[in-house]
1. Taking all pairs of distinct Cα atoms, average 1/r, flip it, and tell me the Kirkwood hydrodynamic radius of the range 127-273 in Å to one decimal place.
2. Let's see if you can work this out: charge +1 on each Lys and Arg Cβ, -1 on each Asp and Glu Cβ, no other charges. What is the dipole magnitude of the chain about its Cα centre, in debye to the nearest 20?
3. Per residue, how large is the accessible surface of the chain? Use a 1.4 angstrom probe and give square angstrom.
4. Would you be so kind as to identify which of 575, 187, 529 lies farthest towards the positive end of the dipole of the chain, taking Lys and Arg as +1 and Asp and Glu as -1 on Cβ and the Cα centre as origin?
5. What whole-number value in cubic angstrom gives the convex hull volume per residue for the C-alpha atoms of the range 201-379?
6. Name the residue farthest towards the positive end of the dipole of the chain from the options 304, 371, 358, assuming +1 on Cβ of Lys and Arg, -1 on Cβ of Asp and Glu, about the Cα centre.
7. Which GluC sites (Glu not before Pro) from the range 495-541 combine a DSSP loop assignment with at most 12 other Cβ atoms within 10 Å?
8. Given a cut-off of 29 Å, name the pairs among 410/549; 232/532; 89/695; 549/720; 330/695; 72/330 whose C-alpha atoms lie farther apart than that in the structure shown.
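The values are calculated or read from the model by the stated rules, or taken from the named source; none is laboratory data. This is a predicted model, so every value here is computed, not measured. Heads up, the Cβs are rebuilt from the backbone with ideal geometry, glycines too, and the neighbour counts pull from every protein chain shown. Note: accessible area is taken over every heavy atom of the protein model, side chains too, but ligands, DNA and RNA are not part of it. Shrake-Rupley method; radii C 1.70, N 1.55, O 1.52, S 1.80 Å.
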Amino acid sequence: MTPVSLFPDAPVTRVRVLLPLPLAGAYDYRVPEGFALPPPGSFVEVPLGGRDVAGVVWDGEADPDLPAGRLKPIRRVFDCPAMTPSLRKLVDWVAAYTLSPPGAVLRMAMSAPSALEPGRPTAGWTTGGGTSRITPERARVLAVLADGVPRAGSILAAEAGVSPAILRGMANTGLLVPALLPAAARFARPDPDHPGPVLGEAQASAAAALCQAVDARAYSTTMLAGVTGSGKTEVYLDAIAEALRQNRQALVLLPEIALSSQWLERFARRFGAAPALWHSELTSATRRDTWRAVAEGVAPVVVGARSALFLPFPDLGVLIVDEEHETSFKQEEGVVYSARDMAVVRARFAGAAAVLVSATPSLETLTNAEAGRYRALHLPLRHGAAGLPTVSAVDLRTDPPERGRFLSPKLVAAAQAAIARGGQAMLFLNRRGYAPLTLCRSCGHRMRCPNCTAWLVEHRLQRRLQCHHCGHAEPIPPTCPQCGAEGSLAAVGPGVERVQEEAAIAFPDARRIVMASDTLPGPLAAAEAARKIVDREVDLIIGTQIVAKGWNFPHLTLVGVVDADLGLAGGDLRAAERTIQLLHQVAGRAGRADAPGEVMLQTWNPEHPVMQALIGGDLDAFMRAEAEQRRPGHWPPFGRLAALIVSSEDEGLADRAARDLGLAAPYGPGVEVLGPAPAPLALLRGRHRRRLLLKAARDVAVQPILLEWLGRVPVPGSVKVQVDVDPVGFL
Ligand code: ADP
Ligand code: ZN
């Protein structure tokens, strides 16, 4: 109940509070008498519609004209480090850039609400005053604790090399007494001076440049480019060491944290301790502990998925985006944002060094480097004796596979030879399942998803047809659902399962493994697969894009790309760029140790510039040509794009709203609207989708134009208009 004030006109202290909800903006609240004024950034609990919600005291003045009686009071201030000004700025900036409600962005920065309460300290041990018989084991325990730092039982036992029973005995005699552990005790401190490898000349000068950027304690962005295996990771680990020496924090964003077992092992070898992890599969307790430890500055290094960008680092020194060209840094649902681009923004607000790392940098990053907006570092050579693999094309017109097969005799022979020499071979096909299309040979009926504009993909192992867009699955029917013919359904085209089936015949004695997201569910399975490969328990690897990720497989000498043309179909602006990045990445798995690597691309079109660039090893020239294609039409990165995706369960409503938006389209110098047109995925999860594309010159700010446009066109509540600024996907 709101207490009645004796002086209704007395001024009340007001603050703005932003709540992690998709509301229009911050709400005003009253600071109750006797409360210290919570400064901006304070986490507070406030009433909202009958419940209490946690939010953040936001910047800016509350509205002085709102009658005091209408203001609800703040309930309490959490005992938690305040959100830093730089993170608050980031929240506002991302909201404005992506046209999202600020509360929706704040929600990403408050992803572990229980962490706002101070942690219950866990119990550990410290030395007590007891005098009792000191055995050699007990002496070791006391020696470990001599530094005065309490430790958790398990850690103490491990460090002293004794069993937990010894600790219990010591506790019983008073030699040990319980002590509370700070959160820091759960996050080991990586040691920057733990010995790392001796860097080569180019590596050392790149590392020095990065360390300098960290030392500057000011914003900078550096592109770290270099062929696969040139030591980019080794170099940026040095920049992390530098941040640690300065007692600042480091964040590493990886595109697939679940596939990063080798990276984590390497980090632990380099620093003698593991980093904190951040991704969607953490348990809620770990999530809570990690968020809190980051806020308190006791988790010095975090490696995570894109959502780690919104963790509450109080003092970020360096921010690394590894494989910066990867499209998975773009979040396509909810707040539609690019974690790579927002990492640069966060670095700017935090006065930190951003590092964008890739063997195949995006045209965006290359262009920024060329224009001097980013610094550029290059590592031209592979480390040590390893050379780059030789790449050749297998022309499917002249060297076709047998009928109904997908591996040309040439590729099979090369893989057999590699295995016979004691190496490993890899067959890459970026398609899960057995076959991408199931067709009736009698009537031509194609098996489609009922909810999406997509064919159903056969997964023969599971005896099911699956939609890769919405997850719809059904058993493979015994007869054609259209004409009723029996046994007439045929699999068309290959997926990795089908390549595996063919490989079983072509390589009967080879020990094979399939690496695809459905055969390796979860990080442990992927880590175990990688271990088997490194330990030579496998001769032939068959995989989807999972195998292209930063793996280091020292015995892998031959990589065969089953369908190098796969990504080039479709009208996507970046189809060629993306294909060359992926294929270069796969190719880069070969020949990373002493034995030279060889890559074979099966293609119908060996003359295609993508194939030619891969064969000639001149990606720079390819990217320059790509830039020259995009520049004249002002396509990104030489112009701006923003997509509107209009969707509804009702096709007529989607069409009408899209048409209304099209009729009201903005125009002006340097501004153009394409569409509306049905999206390539015209039906997705049961929603009909139409697209419009706003194209603008680089110096045009698209957000005000979009806001004004959307503000002029009312759409019914059942129609959703999603805004995608800087789209990377066009489905
Ligand atoms: P990239 O990140 O460019 O692909 P990495 O940093 O993964 O390259 O290096 C490739 C391999 O070479 C790794 O196994 C790495 O440990 C090793 N390596 C790189 N530089 C050195 C070095 N200076 N001394 C010893 N090993 C190195
Ligand atoms: Zn579907």
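1. On the way: mean 1/r = 0.0541 Å⁻¹.
Answer for the range 127-273: a Kirkwood hydrodynamic radius of 18.5 Å.
2. On the way: 76 positive and 73 negative charges, 213 e Å.
Using Cβ point charges on Lys, Arg, Asp and Glu, the chain gives about 1020 debye.
3. Details: 32410 Å² over 731 residues.
In whole numbers, the chain has 44 Å² accessible per residue.
4. Highest projection toward the positive end goes to 187.
5. Numbers: hull volume 20.4 nm³, N = 179.
Hull volume normalised by residue count: 114 Å³.
6. 304
7. On the way: sites: 497, 501, 502, 528, 537; in loops: 537.
Of the GluC sites (Glu not before Pro), the ones in loops of the range 495-541 whose Cβ has at most 12 other Cβ atoms within 10 Å are 537.
8. On the way: 410/549 26 Å; 232/532 25 Å; 89/695 27 Å; 549/720 35 Å; 330/695 19 Å; 72/330 38 Å.
In this structure, 549/720; 72/330 exceed 29 Å between Cα atoms.
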